[in-house]
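The values are calculated or read from the model by the stated rules, or taken from the named source; none is laboratory data. Keep in mind the model is a prediction, meaning the values are calculated, not measured. Note: ideal-geometry Cβ built from the backbone for every residue, glycine included; neighbour counts use all protein chains shown. These accessible areas exclude ligands, DNA and RNA; they are computed on the full protein's heavy atoms, side chains included. Shrake-Rupley method; radii C 1.70, N 1.55, O 1.52, S 1.80 Å.
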Amino acid sequence: MDIPMSYKRTPPLDEDTIALLYGKDTSYTAGQHPTPQVIASTKQKRVPILTGVLPTVLVVFLSAGLAIFLLAWLRIHQAQGLPGYDPGFLAAIRNGTFIVDEGYKENGEVVQASLRALTFSSVASHMIGLTSSFLMTLVAYRTASQWLANSERPSETAQGQNPTPVQYGLLLGLLGTSNVMSVWKAIRYTLRNKKQRSKLPSMFVEPLIIASIVLVLNHSLGVSDLWLHTTARSAIITVSIPGGVQDPSALKLGVAFNESLCDPSVPGAPVVSQPCLEFAHGWAVGSWTWILPHAWLVLYNSTSAPVRVITLADQNNTAVMVPNGVQSLNSRTSMSNAFKAPTLAVRSDCKIVTSACAKDQNNYVADCSPAGVPYLPLKWDWTHTSPPACNFTICFPNRIFGVIDGQTGTFVDTTYQHFPQNVTFPTGAVTLGLQLQLNQDNVIYLEPPDWVVDVKSRIYATCQVDFLQGSLNYDPSENQYSLTDEAHLPPNLTATLWGPLVSQYATNRLIADITGFIMGDPSVDPTLLLNANLPRVALGMLGGVVETVSATEASLVRQGVFGLYPVAPVLCVSGILYVYALFAMFIFFTSVSSKSYTVSTTASPKEDGMERYPPSGRRWNSSEGREKTALVLGQMWLTDPLPLVASVFTGKDGKDPQRSVAEDPLDMVLDTDGKAGRLVMGVTAVGDDTRFGLKRRERNFRGSVETL
């Protein structure tokens, strides 16, 4: 009958204890111990802090810490100043995305940015996969404690809770490697018919459940990390920089009429007969001739001009004046100002009436009264000077002139237009008449456009022109301007601003622009060309009479590389990390209290020097080197195959008991060189039976080496 292990515990060894354990051996003498043996002591020890507790605490802090770090990093680096996006977890959940400023690194002309949250997620996934062995080691302590406790009890019920050999083999895979194959093999064994397997003890079921949960959490974290990698992306986004513009009035981003030249809005000033900058022989002449060179710079889009003219195609081809030097966001990290500022604008609505006019015997337009435009073609005014020697429309074919209340006024030196003093300038849009000869070189079209009525390709048109003031809005992210809050300029100012047009300063430029398009594509609609080019030319000729003024609103914006992380995979990654940390804490608190007795050997110090034991460089300590915790040894038997190998392939050198309680499983197996220390694999004979397995080549009684 086996004696229960609990009855074998002894106090520390002395001579009397050895005699009790090994009997009254006549060969035994004082100071000489018999063959080393392993005995159990009454001393109790818990799970070692260094190899059991600290690694598990590290797992808890690592998993929870990485989750906290990932969420904290995303929150701290959320985009600030992004329209329609408020920072914060709840806002990100509502939006469905964490928008994170990734920063950037410049390498010459290349700007680089990394999606750092993906790095953190990958690190978390990798580290948790590495730390799962720590958890299973702690579970092994708990299982070893249960196994040792059951082995001490003499009852059949307690002994029936111990694992069978196959269950021990499966436990060795679950607690030692805990990979997919070992878990799947244990599950397959569990699912077998009860007639084909033994009863499952709790110390087998618990590690299987824990290993399955750890495996599921590890692979779920990997899948979530892959999900995050496949859905996260980067984008170039424009954001406002809080506090980037302290004083918008310091930014000269607006355009207005330079009232230091004259004030056209002074009450009581003549409305039409003598507007600002208009003189008897032209507009801005005499001491004001410096104005026109500045206007030409603007009209020809010179970079030295303080302003330039652009056309807003989506706002009826409205021409607006913008300051030069406005920086667009043409790189991924540049900064610019989004602003709202005053500006001047011109818009026209032209109608070509050439085909509706009456023709003379030479097929030239003679009268446009049938088209509702009696002032076309323009006739000479006989009241002020003698007419030229030829018809006006032949000698002076190109004219842009104003029409007020159906009157065209008079022309000084056949060029500058004047109106009587009793004519009141309109408050809203003004009317312009145009007669333009586009084909001045008598070019014959192969297929003349529908609007061509004569060989000179003359155009007769009437235009409603709006001189406006409004607010210019600039979005640097799209490099897009828009005009809002538009209103007509006061009549006095309008009378000044149409001066360059009716003075014929820009007539030839307008004809050149339109002719270039038509010659390139005769099918183009000349009405569209007029509406696109007339406002641009009219506003460009005012470049010398404007000045830059302060913006009313401004903000500093920048473009950067931003990471877009969907909320769902981010929460999955962080949530699994939290669950893993909680599960590690559960394993910790259920296993850390495990304890067991200690074991020691009876070997004396002088016997410790036997060949190959202790290992080279290691010495026994008489006070603690011999005493081992059974819990630690049990954990080794459950996580490492070397103790089992040591029990199968014994050293037979008298030191197997001492090796069985070694601190390192590598020291539990006698490792010798030569043929006798090698294993062979294959079909071998064991007694009268043959089987496939491993055998060690040993020396027989004759001294020759053979497989035994």
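Observations on the structure shown:
- With DNA, RNA and ligands ignored, accessible area of Trp288 (1.4 Å probe; Å², nearest 10): 70 Å²
- Highest mean packing comes first when the peptides 569-581, 84-96 are listed by Cβ atoms within 10 Å, giving 569-581, 84-96.
- Residues whose amide H falls under 5 Å from that of Leu438, counting only those 5 or more places apart or on a different chain, are Arg458, Ile459, with hydrogens built in the peptide plane.
- Amide H contacts for Thr629 (H built 1.01 Å from N in the peptide plane; partners 5 or more residues away or on another chain; cut-off under 5 Å): Val599.
- Proximity of backbone amide H atoms, modeled 1.01 Å from N, is registered between Ser234 and Leu564 at under 5 Å, excluding neighbours fewer than 5 places apart on the same chain.
- Evaluated over the Cα positions of the stretch 463-535, the convex hull gives a direction-averaged projected area, one quarter of its surface, of 6.7 nm².
- The listed peptides 119-130, 146-157, ordered by packing as a protection proxy, come out as 119-130, 146-157 (highest mean of other Cβ atoms within 10 Å first).
- Diffusion constant of the stretch 550-603 at 10 °C, which comes from Stokes-Einstein with the Kirkwood Cα-pair radius and 1.306 mPa s, µm²/s: 90 µm²/s
- Viscosity 0.692 mPa s, 37 °C: Kirkwood-radius Stokes-Einstein D of the stretch 112-203 over Cα pairs, µm²/s: 209 µm²/s
- Spin-label model, Met335 to Val166: label points 7 Å out along the Cα-to-beta-carbon direction sit 7.4 nm apart.
- Packing-based ranking of 174-181, 311-318 yields 174-181, 311-318, ordered from highest to lowest mean Cβ neighbour count within 10 Å.
- For the stretch 311-317, the Karplus equation 6.51 cos²θ - 1.76 cosθ + 1.60, evaluated at θ = phi - 60°, returns couplings of 10, 8, 5, 7, 10, 6, 6 Hz by residue, with Gly and Pro reported as x.
- Share of pairwise Cα-Cα distances greater than 19 Å in the stretch 522-585 is 73 percent (whole percent).
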